[in-house]
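K.L.:
Below are the structure tokens for one structure; questions will follow.
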Amino acid sequence: MIYKKNKLIFDNFDIRYLGKKFKTPIYCYSLKTIKNNILNLKKNFKKIKPLFCYAVKANANLAILKELKNNDLGADVVSQGELMKALKAGINPKKIVFSGVGKTEGEIEYAILKNILLINAESKSEILTIEKIAKSKKKKIDIGIRLNPNTDAQTLSQISTGKKENKFGVDEKTFIKLVNYAKNSKNLNLKCLSVHIGSQILNYKPYKNMLSVVNRTIKKTNYKFEYVDLGGGIGIDYSHRNLKLNLKKYSLSIDKFLKKNNCKIIFEPGRSIVGDSGILITKVIYIKEGYKKDFIILDAAMNDLMRPALYGAEHKVMPYIKTGRLSKKTYEFVGPICESTDRFSTVKKFQKLNEKDFLVICDVGAYGTSLASNYNLRAKPIEILIKGSKIQVINKRQKISELI
Ligand SMILES: *Cc1c(COP(=O)(O)O)cnc(C)c1O
């Protein structure tokens, strides 16, 4: 995103042009950015040659899933719905892994029917359920077991998943017991150890700690895993201050790990593939003077973009026209929803704004539309994808009549 002659341009398209043509709010994605992100990951992990299973929950738009499939990605799914959509996008079932703490019998049966690469189990009960279903179908099913490495991911507590107080995976002791159980089962084929310590990780050290726990655990089990699935979590630069995870260092720690363990690596990246590829174009409805600050009331709200309300996440907001004239008062960017958490950010010394101005909320490609709802009976926004000089509508704006 750049200013050209003081006007904001996204992948060669003028923001006001898009805003007028499609009406706001608009989710707008850049295919170029998505492809660059994939290339960047492939380049940094070239030596490791991992299987990339895109975490569908980050953004489940069918057109985007098809593009990812065309770039050889597999999928990490967490529900039958996501599995069905990944298959519909043409993703090879042998590149699909199924994660999640609460897979139902129906979901497990469906996954078995579709012959996916791995069901990554997260508890003893789940393993017994998979075994029971496999036995009834006279099959041997490929599974993984998710380890909770009790590692602090140093991210927002709400998106941390690898500490012992979190519901995900099983602790080291239980893991070892479950390996002993699964390896003797006639209906289970234990192939994978999986971990995922959290999301939006910007420091490589938690990953390094995680790898040392994984290494230690594998040693204790004395079992040869064909795959080690390291999950996702690679953070992106929401602050636009060049805060990035050092992929080189992460990659080097994995190299070292592989010298001790001969296995194939799986990654489940979500945010790092789509996060910075999307923007939310919105318009100022009203400006309302408040106590010590002005409320900039936008036509986008927490039902469109939930992350700030849900986790206190910050997204950079940018004006369409750069004037350089600063507002005297602090601005609080809010939506029209009847909740005080319907607030995007609070900024001192933002540029002075007027009603009807276009604005862009940055880096909404991941956990934007996938978390969107119809709260307050608001219709979900249109989604468009920029492909070179073309614009593809990849999801029509919901009609209010569909909600009534
Ligand atoms: C959410 C999730 C991911 C993706 O995380 P990102 O931070 O978006 O990369 C990967 N694996 C599992 C098991 C997840 O729950």
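The values are calculated or read from the model by the stated rules, or taken from the named source; none is laboratory data. What you see is a predicted model, and the numbers here were worked out from it, not measured in a lab. Methodologically, a virtual Cβ is constructed for each residue, glycine included, from the backbone with ideal geometry; neighbour enumeration extends over all protein chains shown. SASA here: full protein model, heavy atoms, side chains in, ligands and nucleic acids out. Shrake-Rupley method; radii C 1.70, N 1.55, O 1.52, S 1.80 Å.
K.L.:
Carbon and sulfur together cover what percent of the accessible area of segment 298-352 at a 1.4 Å probe radius?
P.N.:
55 percent
K.L.:
Follow-up question, since we're still on this one. With the Cα gyration tensor of segment 272-366 in hand, give its eigenvalues times 5 under a square root as the equivalent ellipsoid semi-axes, listed largest first in whole angstrom.
P.N.:
Sorted largest first and rounded, they come to 21, 16, 12 Å.
K.L.:
Sticking with this one: Under the 0.36 nm per residue contour assumption, what length would be gained going from the current alpha-carbon distance of Asn166 and Ile2 to full extension? Mind showing how you got there, number by number?
P.N.:
Working: separation 164, 0.36 × 164 = 59.04 nm, distance 4.02 nm.
Extra length from Asn166 to Ile2 when fully extended: 55.0 nm.
K.L.:
Of all DSSP beta bridges located in segment 32-274, what percent are antiparallel, nearest 5?
P.N.:
Rounded to the nearest five, the antiparallel share is 5 percent.
K.L.:
For segment 32-274, what is the accessible area per residue in Å², given a 1.4 Å probe and the full set of protein chains?
P.N.:
Accessible surface, normalised per residue, equals 45 Å².
K.L.:
Quickly estimate the mean residue ellipticity at 222 nm for the chain, helices only: each DSSP H run with n ≥ 4 gives -39500 (n - 2.57), and the total goes over all residues, rounded to 500.
P.N.:
Helices in the chain give a 222 nm mean residue ellipticity of -8500 deg cm²/dmol.
K.L.:
Across segment 44-56, in residue order, what do the Karplus-derived ³J(HN,Hα) couplings come to in whole Hz, using 6.51 cos²θ - 1.76 cosθ + 1.60 with θ = phi - 60° and x for Gly and Pro?
P.N.:
With coefficients 6.51, -1.76 and 1.60, one gets 5, 10, 4, 5, 7, 6, x, 8, 8, 10, 4, 6, 4 Hz.
K.L.:
Still on this model: With r as the distance between the Cβ atoms of Tyr181 and Glu314 and R0 = 51 Å, compute the FRET efficiency 1/(1 + (r/R0)^6) and round to 0.05.
P.N.:
0.70
K.L.:
Ok, one more. Using each residue's phi in segment 350-361, evaluate 6.51 cos²θ - 1.76 cosθ + 1.60 at θ = phi - 60° and report the 3J(HN,Hα) Karplus result to the nearest Hz, with x for Gly and Pro.
P.N.:
7, 5, 5, 10, 10, 4, 6, 5, 8, 9, 10, 9
K.L.:
What is the extension gain from Ser212 to Lys35, computed as 0.36 nm multiplied by their sequence separation minus the C-alpha to C-alpha distance, in nm to one decimal?
P.N.:
That pair, Ser212 and Lys35, stretches by 60.6 nm at full extension.
K.L.:
Lys88 to Ile321: FRET efficiency via 1/(1 + (r/R0)^6), r the Cβ-Cβ distance, R0 51 Å, to the nearest 0.05? Walk me through the intermediate numbers first.
P.N.:
Values: r = 41 Å, r/R0 = 0.80.
Computed FRET efficiency for Lys88 and Ile321: 0.80.
K.L.:
Where does the longest stretch of the chain lie that holds no GluC sites (Glu not before Pro) found in a DSSP loop with 16 or fewer other Cβ atoms within 10 Å?
P.N.:
1-164
K.L.:
Related question: Which of Ser157, Tyr227, Ile48 sits closest to the plus end of the dipole of the chain, meaning its Cα is farthest towards the positive end, when Lys and Arg get +1 and Asp and Glu get -1 on the C-beta?
P.N.:
Towards the positive end, the residue furthest out is Ile48.
K.L.:
Restrict the search to segment 213-295; then list the trypsin sites (Lys or Arg not before Pro) that DSSP places in a loop and that have at most 14 other Cβ atoms within 10 Å of their Cβ.
P.N.:
On the way: sites: Arg216, Lys219, Lys220, Lys224, Arg241, Lys244, Lys248, Lys249, Lys256, Lys259, Lys260, Lys264, Arg271, Lys283, Lys288, Lys292, Lys293; in loops: Lys224, Arg241, Lys244, Lys292.
Filter output for segment 213-295: Lys224, Arg241, Lys244, Lys292.
K.L.:
Testing the spin-label approximation: label points 7 Å from Cα along Cα→Cβ at Ser373 and Asn44. State their distance in nm.
P.N.:
Each label point lies 7 Å from its Cα, and together they span 3.3 nm.
K.L.:
Per-residue accessible area for Leu202 at 1.4 Å probe radius, Å² rounded to 10?
P.N.:
Looks like 60 Å² after rounding.
K.L.:
Mean shadow of the chain, computed from the convex hull of its alpha carbons, in nm²?
P.N.:
20.5 nm²
K.L.:
Under the classification rounded if a/c is under 1.5, otherwise prolate if a/b is larger than b/c and oblate if not, where does segment 23-96 fall, given a ≥ b ≥ c as square roots of the Cα gyration tensor eigenvalues?
P.N.:
Verdict is oblate for segment 23-96.
K.L.:
If you don't mind, there's one more thing I want to ask. Output ³J(HN,Hα) for segment 70-79: one whole-Hz value per residue in order, computed from phi by the Karplus curve 6.51 cos²θ - 1.76 cosθ + 1.60 with θ = phi - 60°, and x for Gly and Pro.
P.N.:
Result, rounded to whole Hz: 5, 9, 6, 7, x, 9, 10, 10, 10, 7.
K.L.:
Can you give the relative contact order of segment 32-274 as a percent, counting alpha carbon pairs under 8 Å and 6+ residues apart?
P.N.:
Computed over segment 32-274, the figure is 21 percent.
K.L.:
Just by accessible area at a 1.4 angstrom probe, what is the order of Leu118, Leu128 from largest to smallest?
P.N.:
Of Leu118, Leu128, the descending order of accessible area is Leu128, Leu118.
K.L.:
Could you compute the FRET efficiency for Lys328 and Asn222, with r as their C-beta to C-beta distance and R0 at 51 Å, rounded to 0.05?
P.N.:
Computed FRET efficiency for Lys328 and Asn222: 0.15.
K.L.:
Using only the alpha carbons of segment 232-324, what is the convex hull's orientation-averaged projected area in square nanometres?
P.N.:
Values: hull surface 37.1 nm².
Over every viewing direction, the Cα hull of segment 232-324 projects on average to 9.3 nm².
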